[in-house]
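Here's the structure, in C-alpha coordinates; my notes come after.
The values are calculated or read from the model by the stated rules, or taken from the named source; none is laboratory data. Quantities reported herein were computed from a predicted structural model and do not represent experimental measurements. Don't worry about glycine lacking a Cβ; one is built from the backbone with ideal geometry, like all the others, and counts go over all protein chains shown.
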Amino acid sequence: MLSLNNIHVTFNAGTPTEVRALSDINLKIADGEFVTVIGSNGAGKSTLLSVVVGTVKPERGSVHLDGEDVTAWSPHRRAMHVGRVFQEPRLGTCSSLSIEENLALAAARGKSRGLKGALGTRQNRKWLADQVAKLEIGLEDRMTQPVGTLSGGQRQAISLLMATLLPMKILVLDEHTAALDPGAAAKVLALSTEIAETRKLTTLMVTHSMRDALAVGHRTIMMDSGRIVLDFTEEERAKLTVQDLSSLFGRAIGKQLDDDKLMLA
Ligand SMILES: Nc1ncnc2c1ncn2[C@@H]1O[C@H](COP(=O)(O)OP(=O)(O)OP(=O)(O)O)[C@@H](O)[C@H]1O
Ligand SMILES: [Mg+2]
(Lines give C-alpha, C1' and ligand atoms only; values in the text may rest on other atoms or scores of the structure.)
(Ligands and ions follow the chains in the order given, each with its own letter.)
Protein backbone atom coordinates (compact mmCIF):
# COMPACT_ATOMS: atom_id res chain seq x y z
CA MET A 1 0.00 0.00 0.00
CA LEU A 2 1.24 3.46 -0.97
CA SER A 3 -0.22 6.11 1.26
CA LEU A 4 0.04 9.90 1.02
CA ASN A 5 -1.24 11.62 4.13
CA ASN A 6 -2.12 15.32 4.42
CA ILE A 7 0.56 16.32 1.91
CA HIS A 8 1.20 20.04 1.46
CA VAL A 9 3.78 21.43 -0.98
CA THR A 10 4.54 25.11 -1.51
CA PHE A 11 7.25 26.27 -3.90
CA ASN A 12 9.17 29.50 -3.20
CA ALA A 13 7.41 29.88 0.14
CA GLY A 14 7.41 33.40 1.53
CA THR A 15 8.46 35.02 -1.77
CA PRO A 16 6.33 36.91 -4.34
CA THR A 17 6.46 33.79 -6.57
CA GLU A 18 5.02 31.49 -3.90
CA VAL A 19 2.95 28.65 -5.40
CA ARG A 20 0.84 26.24 -3.38
CA ALA A 21 1.32 23.15 -5.57
CA LEU A 22 -0.35 20.52 -3.34
CA SER A 23 -2.94 21.15 -0.62
CA ASP A 24 -3.90 18.44 1.86
CA ILE A 25 -3.51 15.47 -0.48
CA ASN A 26 -4.76 12.19 0.98
CA LEU A 27 -4.41 9.18 -1.27
CA LYS A 28 -4.18 5.46 -0.58
CA ILE A 29 -3.26 3.14 -3.43
CA ALA A 30 -3.48 -0.61 -2.95
CA ASP A 31 -0.71 -2.96 -4.08
CA GLY A 32 -1.01 -3.62 -7.80
CA GLU A 33 -3.57 -0.85 -8.30
CA PHE A 34 -3.11 1.25 -11.49
CA VAL A 35 -4.32 4.83 -11.04
CA THR A 36 -4.59 7.30 -13.92
CA VAL A 37 -4.16 10.97 -13.00
CA ILE A 38 -5.74 13.73 -14.99
CA GLY A 39 -6.00 17.49 -14.49
CA SER A 40 -5.36 20.84 -16.09
CA ASN A 41 -1.91 22.41 -16.52
CA GLY A 42 -0.37 23.36 -13.20
CA ALA A 43 -2.86 21.21 -11.24
CA GLY A 44 -0.02 19.58 -9.30
CA LYS A 45 0.13 16.20 -11.07
CA SER A 46 3.91 16.13 -11.62
CA THR A 47 4.47 17.48 -8.10
CA LEU A 48 2.39 14.61 -6.73
CA LEU A 49 4.59 12.12 -8.59
CA SER A 50 7.73 13.92 -7.36
CA VAL A 51 6.51 13.51 -3.77
CA VAL A 52 6.16 9.76 -4.40
CA VAL A 53 9.61 9.56 -6.00
CA GLY A 54 11.07 11.74 -3.24
CA THR A 55 12.50 14.57 -5.36
CA VAL A 56 10.04 17.00 -3.74
CA LYS A 57 9.80 16.94 0.05
CA PRO A 58 6.39 17.93 1.43
CA GLU A 59 6.42 20.74 3.97
CA ARG A 60 3.71 18.86 5.83
CA GLY A 61 2.35 15.32 5.68
CA SER A 62 3.88 11.91 5.18
CA VAL A 63 4.46 9.21 2.58
CA HIS A 64 4.14 5.59 3.71
CA LEU A 65 5.11 2.53 1.76
CA ASP A 66 3.81 -0.76 3.11
CA GLY A 67 3.28 0.92 6.47
CA GLU A 68 6.81 2.31 6.64
CA ASP A 69 7.28 6.08 6.81
CA VAL A 70 9.53 6.88 3.81
CA THR A 71 8.99 10.67 3.89
CA ALA A 72 12.59 11.35 4.87
CA TRP A 73 14.06 8.77 2.46
CA SER A 74 16.22 10.22 -0.31
CA PRO A 75 15.16 9.67 -3.95
CA HIS A 76 18.21 7.39 -4.23
CA ARG A 77 16.95 5.17 -1.40
CA ARG A 78 13.40 5.19 -2.75
CA ALA A 79 14.69 4.18 -6.19
CA MET A 80 14.97 0.64 -4.86
CA HIS A 81 11.15 0.62 -4.82
CA VAL A 82 10.04 3.36 -7.22
CA GLY A 83 10.67 3.74 -10.97
CA ARG A 84 9.80 6.84 -13.01
CA VAL A 85 9.36 7.50 -16.73
CA PHE A 86 9.19 11.11 -17.89
CA GLN A 87 7.39 12.81 -20.77
CA GLU A 88 10.60 13.57 -22.63
CA PRO A 89 12.29 10.40 -24.03
CA ARG A 90 15.74 12.03 -23.68
CA LEU A 91 15.34 12.38 -19.90
CA GLY A 92 15.12 8.67 -19.16
CA THR A 93 18.07 7.44 -21.21
CA CYS A 94 21.63 8.53 -22.08
CA SER A 95 21.90 9.26 -25.83
CA SER A 96 25.58 8.54 -26.30
CA LEU A 97 25.47 5.17 -24.54
CA SER A 98 24.23 1.99 -26.20
CA ILE A 99 21.00 0.19 -25.32
CA GLU A 100 22.91 -2.40 -23.32
CA GLU A 101 25.02 0.23 -21.54
CA ASN A 102 21.90 2.15 -20.52
CA LEU A 103 20.30 -1.02 -19.24
CA ALA A 104 23.49 -2.14 -17.47
CA LEU A 105 23.52 1.16 -15.56
CA ALA A 106 19.89 0.61 -14.56
CA ALA A 107 20.75 -2.93 -13.48
CA ALA A 108 23.64 -1.63 -11.37
CA ARG A 109 21.32 0.67 -9.41
CA GLY A 110 22.49 1.02 -5.82
CA LYS A 111 25.88 -0.54 -6.58
CA SER A 112 29.02 1.53 -6.92
CA ARG A 113 30.82 0.14 -9.93
CA GLY A 114 31.70 1.54 -13.32
CA LEU A 115 29.96 0.86 -16.60
CA LYS A 116 32.35 -1.94 -17.50
CA GLY A 117 31.67 -3.67 -14.20
CA ALA A 118 27.95 -3.10 -14.67
CA LEU A 119 27.96 -4.79 -18.06
CA GLY A 120 29.81 -7.67 -16.45
CA THR A 121 29.82 -11.10 -17.97
CA ARG A 122 28.49 -12.44 -21.25
CA GLN A 123 25.60 -14.00 -19.25
CA ASN A 124 24.67 -10.55 -17.96
CA ARG A 125 24.62 -9.18 -21.51
CA LYS A 126 22.52 -12.12 -22.66
CA TRP A 127 20.10 -11.48 -19.76
CA LEU A 128 19.78 -7.80 -20.80
CA ALA A 129 19.10 -8.79 -24.43
CA ASP A 130 16.47 -11.28 -23.20
CA GLN A 131 14.71 -8.49 -21.29
CA VAL A 132 14.74 -6.30 -24.42
CA ALA A 133 13.37 -9.21 -26.49
CA LYS A 134 10.36 -9.34 -24.15
CA LEU A 135 9.41 -5.84 -25.32
CA GLU A 136 8.82 -7.39 -28.77
CA ILE A 137 9.95 -4.29 -30.66
CA GLY A 138 12.94 -5.92 -32.36
CA LEU A 139 15.70 -4.12 -30.45
CA GLU A 140 17.40 -7.21 -29.00
CA ASP A 141 19.67 -7.46 -32.07
CA ARG A 142 20.68 -3.81 -31.76
CA MET A 143 21.98 -3.83 -28.20
CA THR A 144 25.21 -1.97 -29.03
CA GLN A 145 23.46 0.83 -30.95
CA PRO A 146 23.52 4.28 -29.25
CA VAL A 147 20.14 5.09 -27.70
CA GLY A 148 20.34 8.55 -29.33
CA THR A 149 19.70 6.89 -32.71
CA LEU A 150 16.40 5.31 -31.62
CA SER A 151 12.92 6.72 -32.23
CA GLY A 152 11.04 8.41 -29.37
CA GLY A 153 8.80 5.37 -28.91
CA GLN A 154 11.74 2.98 -28.83
CA ARG A 155 13.48 5.20 -26.28
CA GLN A 156 10.40 5.30 -24.07
CA ALA A 157 10.16 1.50 -24.26
CA ILE A 158 13.81 1.30 -23.11
CA SER A 159 13.09 3.90 -20.38
CA LEU A 160 10.19 1.73 -19.17
CA LEU A 161 12.43 -1.31 -19.11
CA MET A 162 15.15 0.61 -17.23
CA ALA A 163 12.63 1.84 -14.65
CA THR A 164 11.34 -1.67 -14.01
CA LEU A 165 14.43 -3.81 -14.63
CA LEU A 166 15.14 -4.68 -11.00
CA PRO A 167 12.56 -5.79 -8.43
CA MET A 168 10.49 -2.73 -7.50
CA LYS A 169 6.94 -1.91 -6.41
CA ILE A 170 5.84 1.47 -7.68
CA LEU A 171 5.84 2.76 -11.23
CA VAL A 172 5.33 6.46 -11.86
CA LEU A 173 4.57 7.58 -15.43
CA ASP A 174 4.41 11.32 -16.18
CA GLU A 175 2.75 11.87 -19.57
CA HIS A 176 5.26 9.35 -20.89
CA THR A 177 3.47 8.95 -24.23
CA ALA A 178 2.74 12.66 -24.82
CA ALA A 179 5.81 13.31 -27.01
CA LEU A 180 5.14 10.30 -29.27
CA ASP A 181 3.18 9.92 -32.49
CA PRO A 182 -0.19 8.14 -32.04
CA GLY A 183 1.10 4.70 -33.16
CA ALA A 184 4.15 4.77 -30.89
CA ALA A 185 2.07 6.20 -28.03
CA ALA A 186 -0.40 3.32 -28.26
CA LYS A 187 2.43 0.79 -28.29
CA VAL A 188 4.23 2.30 -25.27
CA LEU A 189 0.90 2.57 -23.40
CA ALA A 190 0.14 -1.11 -24.08
CA LEU A 191 3.65 -2.05 -22.96
CA SER A 192 3.21 -0.04 -19.75
CA THR A 193 -0.04 -1.75 -18.80
CA GLU A 194 1.44 -5.15 -19.61
CA ILE A 195 4.52 -4.55 -17.43
CA ALA A 196 2.38 -3.13 -14.60
CA GLU A 197 0.03 -6.10 -14.77
CA THR A 198 2.57 -8.92 -15.03
CA ARG A 199 4.76 -7.39 -12.31
CA LYS A 200 1.74 -6.40 -10.18
CA LEU A 201 3.13 -2.87 -9.84
CA THR A 202 1.35 -0.08 -8.03
CA THR A 203 1.17 2.52 -10.80
CA LEU A 204 0.43 6.23 -11.09
CA MET A 205 0.10 7.45 -14.69
CA VAL A 206 -0.44 11.11 -15.55
CA THR A 207 -2.10 11.72 -18.89
CA HIS A 208 -3.77 14.61 -20.68
CA SER A 209 -5.98 12.23 -22.60
CA MET A 210 -9.30 11.54 -20.86
CA ARG A 211 -9.74 8.62 -23.26
CA ASP A 212 -6.51 6.98 -22.05
CA ALA A 213 -7.33 7.84 -18.44
CA LEU A 214 -10.56 5.87 -18.66
CA ALA A 215 -9.23 3.04 -20.83
CA VAL A 216 -6.16 2.20 -18.77
CA GLY A 217 -5.76 0.90 -15.22
CA HIS A 218 -8.29 0.54 -12.41
CA ARG A 219 -9.02 3.97 -11.01
CA THR A 220 -8.93 7.62 -12.11
CA ILE A 221 -8.25 10.68 -10.01
CA MET A 222 -8.66 14.24 -11.25
CA MET A 223 -6.66 17.14 -9.85
CA ASP A 224 -7.17 20.87 -9.85
CA SER A 225 -5.26 23.64 -8.04
CA GLY A 226 -3.24 21.22 -5.94
CA ARG A 227 -6.19 19.13 -4.80
CA ILE A 228 -7.77 15.82 -5.77
CA VAL A 229 -11.25 16.91 -6.83
CA LEU A 230 -12.61 13.60 -8.17
CA ASP A 231 -11.71 9.96 -7.50
CA PHE A 232 -13.45 7.21 -9.50
CA THR A 233 -13.29 3.52 -8.64
CA GLU A 234 -13.13 0.86 -11.37
CA GLU A 235 -16.93 0.28 -11.17
CA GLU A 236 -17.74 3.99 -11.28
CA ARG A 237 -15.32 4.56 -14.15
CA ALA A 238 -16.76 1.71 -16.21
CA LYS A 239 -20.01 3.66 -16.60
CA LEU A 240 -18.33 6.92 -17.65
CA THR A 241 -17.79 8.20 -21.18
CA VAL A 242 -15.15 10.80 -22.03
CA GLN A 243 -17.96 13.37 -22.27
CA ASP A 244 -19.22 12.42 -18.77
CA LEU A 245 -15.72 12.75 -17.36
CA SER A 246 -15.23 16.10 -19.08
CA SER A 247 -18.50 17.56 -17.78
CA LEU A 248 -18.00 16.13 -14.25
CA PHE A 249 -14.52 17.63 -14.11
CA GLY A 250 -15.77 20.92 -15.57
CA ARG A 251 -18.49 21.04 -12.92
CA ALA A 252 -16.04 20.21 -10.12
CA ILE A 253 -13.79 23.11 -11.05
CA GLY A 254 -16.49 25.44 -12.39
CA LYS A 255 -15.17 25.61 -15.98
CA GLN A 256 -16.07 24.36 -19.46
CA LEU A 257 -13.66 21.85 -21.03
CA ASP A 258 -12.75 20.83 -24.57
CA ASP A 259 -13.60 17.24 -25.55
CA ASP A 260 -10.91 14.58 -25.15
CA LYS A 261 -7.93 16.68 -24.12
CA LEU A 262 -7.97 18.47 -20.83
CA MET A 263 -7.90 21.98 -22.21
CA LEU A 264 -9.68 24.77 -20.47
CA ALA A 265 -12.03 26.43 -22.94
N1 LIG B 1 10.29 23.49 -8.97
C2 LIG B 1 9.29 24.37 -8.96
N3 LIG B 1 9.47 25.62 -8.54
C4 LIG B 1 8.45 26.51 -8.51
N5 LIG B 1 7.20 26.22 -8.87
C6 LIG B 1 6.95 24.99 -9.30
C7 LIG B 1 7.98 23.98 -9.38
N8 LIG B 1 7.43 22.84 -9.86
C9 LIG B 1 6.13 23.11 -10.07
N10 LIG B 1 5.84 24.39 -9.75
C11 LIG B 1 4.51 25.01 -9.81
O12 LIG B 1 3.61 24.19 -9.07
C13 LIG B 1 2.36 24.10 -9.74
C14 LIG B 1 2.05 22.64 -10.06
O15 LIG B 1 2.98 22.21 -11.04
P16 LIG B 1 2.99 20.75 -11.65
O17 LIG B 1 4.18 20.66 -12.52
O18 LIG B 1 2.87 19.78 -10.55
O19 LIG B 1 1.65 20.75 -12.51
P20 LIG B 1 1.11 19.66 -13.55
O21 LIG B 1 -0.27 19.32 -13.09
O22 LIG B 1 2.08 18.57 -13.68
O23 LIG B 1 0.97 20.51 -14.89
P24 LIG B 1 1.24 20.08 -16.43
O25 LIG B 1 -0.04 19.43 -16.89
O26 LIG B 1 1.46 21.37 -17.10
O27 LIG B 1 2.42 19.17 -16.47
C28 LIG B 1 2.47 24.97 -10.98
O29 LIG B 1 1.94 26.23 -10.68
C30 LIG B 1 3.97 25.07 -11.21
O31 LIG B 1 4.30 26.27 -11.85
MG1 LIG C 1 3.23 17.83 -15.26
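Brief remarks follow.
- Considering 190, 185, 196, 213, the condition of being without any contact (Cβ under 8 Å) to a residue 12 or more places away in the chain and either of a type in the set (S, T, N, Q) or assigned by TED's automatic domain parsing to the domain that holds residue 246 (or both) is satisfied by 190 alone.
- Residue within the range 73-89 that is at pLDDT below 95, among the acidic types (Asp, Glu) and assigned to a loop (DSSP other than H, G, I, E, B) present: yes
- Any hit, the range 91-105, residues being surrounded by 19 or more Cβ atoms within 10 Å (Cβ to Cβ), at pLDDT below 95 and under 30 Å from residue 4 (Cα atoms): yes
One line per residue, one yes/no per condition, for (1) in a loop (DSSP other than H, G, I, E, B); (2) within 16 Å of ligand 1 (Cβ to nearest atom); (3) surrounded by fewer than 16 Cβ atoms within 10 Å (Cβ to Cβ); (4) modelled with pLDDT under 95:
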{"site": "173", "(1), (2), (3), (4)": "no, yes, no, no"}
{"site": "179", "(1), (2), (3), (4)": "yes, yes, no, yes"}
{"site": "186", "(1), (2), (3), (4)": "no, no, yes, yes"}
{"site": "228", "(1), (2), (3), (4)": "no, yes, no, no"}
{"site": "235", "(1), (2), (3), (4)": "no, no, yes, no"}
{"site": "245", "(1), (2), (3), (4)": "no, no, no, yes"}
{"site": "249", "(1), (2), (3), (4)": "no, yes, no, yes"}
{"site": "252", "(1), (2), (3), (4)": "no, yes, yes, yes"}
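- Residue in the range 64-95 that is nearest to the chain's Cα centre (by Cα), counting only those that are within 20 Å of residue 167 (Cα to Cα) and aliphatic (A, V, I, L, M): 85
- Any hit, the range 198-210, residues being within 16 Å of ligand 1 (Cβ to nearest atom) and part of a helix (DSSP H, G or I): yes
- Condition met for residue 28 (under 21 Å from the mean Cα position of the chain (by Cα), away from ligand 2 (no atom under 16 Å from the Cβ) and in a loop (DSSP other than H, G, I, E, B)): no
- From the list 51, 63, the one residue that fits, being closer than 21 Å to residue 222 by Cα, surrounded by 14 or more Cβ atoms within 10 Å (Cβ to Cβ), within 15 Å of ligand 1 (Cβ to nearest atom) and in the same structural domain as residue 246 (by TED's automatic domain parsing), is 51.
- Index of the failed condition, residue 141 passing every other in (1) within 16 Å of ligand 1 (Cβ to nearest atom); (2) surrounded by fewer than 19 Cβ atoms within 10 Å (Cβ to Cβ): (1)
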